[in-house]
Amino acid sequence: MPKRAVISIIDDDASVRIATNNLVRSHGYRAHTFASAEDFLQSTHLNDTSCVIADVQMPIMNGVELLTLLRAQGHGMPFIFITAFPEESVRTRALKAGAICFLAKPFDGPTLMNCLDTALAGQDDGIGT
């Protein structure tokens, strides 16, 4: 099941989106990329997303705000946060909000894939709906 999972990658940095997309797809996952939280929320992939990999700091709505909004709307897909600004206070907020992992950029591929495996291993069959 996990290799059929749909991963939504949300980052305002195009190079990070492309690299993360390539990494995730190279491991057999389906992936969709979005330049902002708003693009993701307006997409047709909100309800088929198995896991979100999101930047913390983005314009308009940051990653933690996105996670909080989705939880309030009843979405339970796991979140992995990536950030160029790994401040402890933000890390604490993200993990308290329900993030599975909090990675500092640049991160290595195996670390992200371990987080993704952990996130997907813990999900129920109703995640994302």
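Any residue in segment 96-112 that is over 19 Å from residue 77 (Cα atoms) sitting within a Cβ distance under 7 Å of a residue that is exposed (fewer than 14 other Cβ atoms within 10 Å of the Cβ)? List the pairs, counting only those 6 or more apart or interchain. Correct list of pairs: 105/84. Assess whether residue 55 counts as being touching a residue at least 12 places away in the same chain (Cβ under 8 Å), closer than 24 Å to residue 22 by Cα, charged (D, E, K, R) and touching a strand residue (DSSP E or B) at 6+ places or on another chain (Cβ under 9 Å). Here the answer is yes, as residue 55 does meet what is asked. Here is the figure for segment 71-85: residues that are surrounded by 16 or more Cβ atoms within 10 Å (Cβ to Cβ) and closer than 18 Å to residue 102 by Cα total 7. Test each condition in (1) within 21 Å of residue 122 (Cα to Cα); (2) at pLDDT 95 or above; (3) not basic (Lys, Arg) for residue 65 and report the one that comes out false. Going through (1) within 21 Å of residue 122 (Cα to Cα); (2) at pLDDT 95 or above; (3) not basic (Lys, Arg) one by one, residue 65 breaks only (1).
Has segment 24-40 got any residue that is of a type in the set (Val, Ile, Thr), under 23 Å from residue 117 (Cα atoms) and out of contact with any Gly (no Cβ under 7 Å at 6 or more places or on another chain)? Yes, segment 24-40 contains a residue that is of a type in the set (Val, Ile, Thr), under 23 Å from residue 117 (Cα atoms) and out of contact with any Gly (no Cβ under 7 Å at 6 or more places or on another chain).
When residue 83 is tested against the conditions (1) at pLDDT 95 or above; (2) more than 18 Å from residue 5 (Cα to Cα), the lone failure is (1).
The values are calculated or read from the model by the stated rules, or taken from the named source; none is laboratory data. All values reported here derive from a predicted model rather than from experimental measurement. Cβ atoms come from the backbone with ideal geometry, glycine included; neighbour counts cover every protein chain shown.
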